[in-house]
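In what follows, a structure is listed as structure tokens, so that the remarks can point back to it.
Throughout, read-outs are computed from the coordinates displayed, never taken from laboratory work. Fair warning: this is a prediction, and the values are worked out from it, not measured in the lab. Please note: Cβ atoms are built from the backbone with ideal geometry, for glycine as well, and neighbour counts cover all protein chains shown.
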Amino acid sequence: MANPEPEIKQYTLSILVRNHAGVLSHVAGLFARRGYNIESITAGITERPDVTRITIVVTGDHKIMEQVLKQCQKLVDVINVSSLKYNESVTRELAIIAVTARPESRSSIIEIAGVFHAKVVDMAEDAIILEVVGNARHIDSIIQLLSPFGIETIARTGVVALAYRSRIPPIN
């Protein structure tokens, strides 16, 4: 009997690192050297200026994710690594979407934006630029609904995430 195919899933990793120049490329380099595909990567200072939180979304099977977590924890500048479960964390992403907006479709676009709590940040004679914040599913849904009008371009920030009741552990 053949071994079943491993289940491929998307994982969100929260990595706390010592904040200094080059630390992001050092962490991302680990993924590149191992051939792991990063779907999204964001980084920013935490409530402590000496600590940066890197959020990485990566696709793979459970065995690969265990390897990634172990290898990340071995990096000198890494303070903590955790895989965030969807029901135990808050995830958000920002998207800026430029949509073709002819006079006859403008009100429909603005109505869709309202449903998704998107903000109109610029408007021209033939286009509207929207800003929308939400989880990836929320962003994907508004993009799908706006597509028939003609999306000119999209910029997405990538996922930022925080576990509920998250705290930075002491640095050794």
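Taking other Cβ atoms within 10 Å as a rough exposure proxy, MET123, MET65 sort from fewest to most as MET123, MET65.
For the chain, the longest principal axis of the C-alpha atoms and the axis of helix 62-74 are separated by about 70°.
Beta carbons within 10 angstrom, averaged per residue: use that to sort the peptides 48-57, 139-148, highest first. Can you show the working numbers first?
Values: 48-57: 18.2, 139-148: 15.9.
Ranking, from highest mean packing down: 48-57, 139-148.
Our summary gives the stretch 83-136 a relative contact order of 46 percent, counting only alpha carbon pairs under 8 angstrom and 6 or more residues apart. The relative contact order of the stretch 21-98 comes to 22 percent, based on Cα pairs under 8 Å that sit 6 or more residues apart. With respect to the chain, whose longest principal axis is taken over its alpha-carbon atoms, helix 106-115 is tilted by about 40°. Here the Debye sum runs over all C-alpha atoms of the chain as equal scatterers in vacuum, and log10 of I(q)/I(0) at q = 0.11, 0.12, 0.19 Å⁻¹ comes out as -0.58, -0.67, -1.13.
I'd like the orientation of helix 136-146 relative to the chain: the angle between its Cα long axis and the longest Cα principal axis, in ° from 0 to 90, rounded to 10. Roughly 20 degrees between the two axes.
Could you size up the charge dipole of the chain around its Cα centre, putting +1 on the beta carbon of Lys and Arg and -1 on that of Asp and Glu, and report it in debye to the nearest 20? Working shown, then result.
Numbers: 18 positive and 18 negative charges, 172 e Å.
It works out to roughly 820 debye.
Of the peptides 129-137, 22-30, the order by per-residue mean of other Cβ atoms within 10 Å, starting with the highest, comes out as 129-137, 22-30. For VAL159, the residues whose modelled amide H falls within less than 5 Å of its own, excluding neighbours fewer than 5 places apart on the same chain, are ILE41.
Distant-in-sequence amide contacts of VAL51, defined by a placed amide H-H separation under 5 Å and a gap of 5 or more residues or a different chain, comprise ASN19, THR46.
From Cα pairs below 8 angstrom and at least 6 apart in sequence, can you work out the relative contact order of the stretch 1-130, rounded to a whole percent? Show your work: numbers first, answer last.
On the way: 180 pairs, mean separation 33.7, N = 130.
Relative CO of the stretch 1-130 lands at 26 percent.
Hey, which lysines would be in cross-link range of LYS74, C-alpha to C-alpha under 26 Å, not counting anything within fewer than 8 residues on its own chain? Partners found: LYS9, LYS63, LYS85.
Taking a quarter of the surface of the Cα convex hull of the stretch 91-158 gives a mean projected area of 3.9 nm².
The Cβ shell under 13 Å around PRO4 holds other residues with a net charge of -2, Lys and Arg each +1, Asp and Glu each -1.
Just how many % of Cα pairs in the stretch 1-41 lie over 11 Å apart, if you round to the nearest whole percent? Roughly 75 percent, rounded to a whole number.
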